[in-house]
Structures are given as C-alpha cells and as structure tokens.
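The values are calculated or read from the model by the stated rules, or taken from the named source; none is laboratory data. Because the structure is predicted, anything quoted here is derived from the model rather than measured. Note that each Cβ is placed from the backbone with ideal geometry, even for glycine, and that neighbours are counted across all protein chains shown. Side chains included, ligands, DNA and RNA excluded: accessible areas come from the protein's heavy atoms. Shrake-Rupley method; radii C 1.70, N 1.55, O 1.52, S 1.80 Å.
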Amino acid sequence: MSSDEPVPSARQTELLERAYRYALEHGLSELSLRPLATAIGSSPRVLLYLFGSKDGLVRALLARARRDELALLDRLRDLTGEEAIGLAMAAEEVWSWLAAPEHRSLLALWVEGYSRSLLDAHGPWGGFASETVNDWLAVLARTQRPEERDTDTALHHRTLVLAVLRGAMLDLLATGDTERTTAAVRAQLAALPRDPSRQV
C-alpha cells in the first residue's frame, strides 16, 4: 500500500476478508453485490460506501489475492535467504506448494484474475497478469547465482521455469491429476543446469 492510500478501517478490512473467502469459493467473474453482501453479513450500500464501486471492490479483492501470492514468494525468499539455491530446487519447492489440494481455490482465483487481466486491460483487472509475471521472475532471479542472473540465458531459464509451473498448474486445476503433472514438472526441471556445488 502506498503512503497516499488511506488506511482501511477495521470494518473495511473485516468485510474484505469475508468477501475474499466468498470469492475463493465462487470466483470473481460473475460477482454480484447483493448475494455477496448477504453472504458476508453486509449490504450493497455499505460495500459501495467502503469500496467506492463494484470495480473498486474487485480491485481490492485482486490486491488481496496478490498478497497471498506474494506471501508464497516471501516463503521462497526465506528459504533461499542470501543463498542462490538454483532454479530447479526453487521450482520444486514452489510446485510442492502449488500442488497441495488446499490451495486449489486460491490458484483458480489467480487464474481468473490473470485471464481477465488479459481481456480487460483497462478495467479493475488491469495489470494483474503483468505484475504477477514480474513478481515471479524477480524472485526466481534471486535463486540464480549473482554472476549469472543478469544474463540473457538466466532470464530465459527462469522464464521457462515460470512457464512450466504455470502450465502444470493449469493442467492440475483442470484434471486434478497431481501424479502426472508432478512427474512432468520434475522431468522438465531435471533438464535445467544445476549448480555443480549442489550435485551429489
């Protein structure tokens, strides 16, 4: 949150969290204020007052979903610390989180936000997809050795890893086939160059 943005009230924060849980279950594409308000113990008038408009509420919900995404990336940062553990090891950690059944509703919400961002660049979804890509590429860069991470080859490798993770995640959401998608991810990651110091 920028310093120019007002600090949300306790009530706004509470209703946003309730609305976020609702969105995880029902999605955002067909979001309607009246059933949402009923489900979270509020009213359309209160939601419009707190968030300015339906688009304002959608933007707040996407920002909330992005905070969960950034929390995953922070987990990866904590894992790596100042050490460059390599893309393959980092991607294995990320995939284990993505493949966990308890994260399916959040992943579906990310995909919804991502796809709507591509179709509606000027609406409340605008920028969500590009921000997501930039966030992931920046964190994956930290897993590469400092002397390599600024090269074109390193950028191509982390772009490939991101594409593999995203593609496998879409497949997993569509099929629920954890075993097959995990095997495919591991096969692709095995083809990545490894840090010689980490090879057994």
Filtering region 21-55 down to residues that are part of a helix (DSSP H, G or I) and small (Gly, Ala, Ser) yields Ala23, Ala37, Ala39
Can you tell me which residue among Ala99, Ala91, Ala84 is modelled with pLDDT under 90 and either closer than 19 Å to Leu162 by Cα or exposed (fewer than 15 other Cβ atoms within 10 Å of the Cβ) (or both)? Ala84
Suppose the filter is at positive phi and at pLDDT below 85; does Gly127 pass it? no
Given the conditions (1) at pLDDT 90 or above; (2) more than 16 Å from the chain's Cα centre (by Cα); (3) open to solvent by 70 Å² or more (accessible area, probe 1.4 Å), and given that Arg21 satisfies all but one, which numbered condition is not satisfied? (2)
From the list Ala168, Ala184, Ala190, which one is more than 20 Å from the chain's Cα centre (by Cα) and either surrounded by 17 or more Cβ atoms within 10 Å (Cβ to Cβ) or at pLDDT 95 or above (or both)? Ala184
For region 117-125, state whether one or more residues are over 17 Å from Ala63 (Cα atoms), within 14 Å of the chain's Cα centre (by Cα) and open to solvent by less than 20 Å² (accessible area, probe 1.4 Å). no
